[in-house]
2 protein chains.
Amino acid sequence: VARSVDPIERLILELARLPGIGRRTASRLAYFLLKGMSGKGAGQPSLAVDLAEALLCVAREVRLCAVCGNFCAGETCRLCSDARRDPHTLCVVEGIADLLAIEGSGSFSGRYHVLHGALAPLDGIGPEELRLDVLAARVREGDFSEVIVATNNDVEGEATALYLTRLLRPHLKGERPKISRLASGVPIGGELEFLDQATLGRALAERREI
Amino acid sequence: VARSVDPIERLILELARLPGIGRRTASRLAYFLLKGMSGKGAGQPSLAVDLAEALLCVAREVRLCAVCGNFCAGETCRLCSDARRDPHTLCVVEGIADLLAIEGSGSFSGRYHVLHGALAPLDGIGPEELRLDVLAARVREGDFSEVIVATNNDVEGEATALYLTRLLRPHLKGERPKISRLASGVPIGGELEFLDQATLGRALAERREI
């Protein structure tokens, strides 16, 4: 956005670059941010300045964790620094959003590795772009007995999972090393009637005895 | 928000202070703002920094127009500086959002005055808080033949309109000075079936011959 335009217009244009925020919402937000300046609310701390400082702080301090690829403010991220997490299980995900989703489920307490993408040779994304040698080295030098390949359940994700399986299996430790994928099936609370055929087919094929 | 917390968490908390943005959306936005930093998008200009600069620019440069009370970056606002606007019609509104809504309709090309509130004696908002003496002086010294009192259609708005009518009528110029309120009635595209009784009653009472 050009610097020469009206400051309010410029703020609206910047806000409208955010996902899910259109021109209309952006201008509502901009005027909310300006509200502190009209007579009544002049005393309150300026939200605009607070938000700007938080943004600059993030831009200045946040980088990618050297170990796992998650965002972090220091050298290694909060999850990598947490000694209570299981050092024998590694969960490989495509993006940080996936890591957050898995953390949100509260069902995993091992280590993570973020690929920042999936193999897509047609788009020029190969093993080098995902820095899979770094991941291989981490598994080789580490003490992992299980790798959960939690890439997406689509073509690229499956291809990446296959590639990772071959790449990582030789480096696993322990008596019964495992490489696993997340289970596929009917979502909790999901209604069979509205489920797509592929998922339903998979759920049937992988049915479990009760 | 405390400065000591994790930068990402701090950004999420600041974003969540915006209207209509909950914790979940705030964290989606925060991670979008951070995306520029993960491998792939490192080349693109940082949205976080652009947005921060736009916010600081607004906080530094935007103030209230000395004439009408609208936001402006200079001494007087864009609307007050526009010589093509009718200098004989004044539209009084409660807030800047109202001004924007009326401008958006494209049906008014006169001058504005923003009260930044409405009379509400029980909340301690009287004529002094709204600086109605400034408005009276503006009308007295100006050349207005019509004042449109576009305060809200609620108790405070109506009371304010009544007060303003008495305050401003003596200062109007021209042969047939007018003070007016916006028409009440059925919204365009509105269905009678779903309209509230008060509006429908008003629309009947103010019916017009065709």
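The values are calculated or read from the model by the stated rules, or taken from the named source; none is laboratory data. Model, not experiment: these values are computed from the prediction. Backbone-built Cβ (ideal geometry, glycine too); neighbour counts: all protein chains shown. With ligands, DNA and RNA removed, areas are computed over all heavy atoms of the protein, side chains included. Shrake-Rupley method; radii C 1.70, N 1.55, O 1.52, S 1.80 Å.
Annotations for the structure displayed:
- Fully extended contour minus Cα-Cα distance, from B:T76 to B:R60, at 0.36 nm per residue: 4.2 nm
- Low-density loop positions, GluC sites (Glu not before Pro), region A:57-111 - DSSP coil, at most 13 other Cβ in 10 Å: A:E75
- Taken across both chains, chains A and B shield about 4600 Å² of accessible surface from a 1.4 Å probe.
- Max mean-square fluctuation residue, GNM over chain A, Cα-Cα springs under 10 Å, options A:A73, A:A136, A:A183: A:A183
- Of the solvent-accessible surface of the protein assembly as shown, computed with a 1.4 Å probe and all protein chains present, 54% belongs to carbon and sulfur.
- Relative contact order, percent, chain A [alpha-carbon distance under 8 Å, six or more residues apart]: 12
- Helical contribution to [θ] at 222 nm, DSSP H n ≥ 4, -39,500 (n - 2.57), averaged over chain A, rounded to 500: -11500 deg cm²/dmol
- Going from the chain on its own to the full set of protein chains, region B:104-126 has these residues losing 10 Å² or more of accessible surface (heavy atoms, 1.4 Å probe, no ligands, DNA or RNA): B:H116, B:I125.
- If you take the Cα centroid of region A:104-160 and the Cα centroid of region B:127-184, the two points sit 67 Å apart.
- Tilt relative to chain A, helix A:155-168 - C-alpha long axis, 0 to 90 degrees, to 10: 60
- Label point 7 Å beyond Cα of B:E128 along Cβ direction - residues of region B:144-170 with amide nitrogen under 20 Å: B:160, B:163-164, B:167
- Cα long-axis angle, helix A:47-61 against chain A (0 to 90 degrees, to the nearest 10): 40
- Surface per residue (accessible, 1.4 Å probe) for the protein assembly as shown, Å²: 57
- Solution diffusion estimate, µm²/s, Stokes-Einstein, region A:91-139, Kirkwood Rh from C-alpha pairs, 4 °C, viscosity 1.567 mPa s: 111
- A:D196 label point (Cα plus 7 Å toward Cβ) to equivalent points in the other copies: 4.5 nm, shortest first.
- Of B:G124, B:G110, B:G22, the one that fluctuates the most in a GNM where chain B has Cα springs shorter than 10 Å: B:G22
- With all protein chains modelled, accessible area of B:K178 [1.4 Å, Å²]: 110
- Three-way shape label, region A:36-169, alpha-carbon gyration tensor, a/c 1.5: prolate
- Axis of helix B:132-141 versus longest Cα principal axis of chain B: the two differ by about 60°, to the nearest ten degrees.
- On full extension, the segment bounded by A:R23 and A:S107 gains 26.3 nm, given 0.36 nm per residue less the C-alpha separation.
- Among B:A30, B:A59, B:A97: highest mean-square fluctuation, GNM of chain B, C-alpha pairs under 10 Å: B:A30
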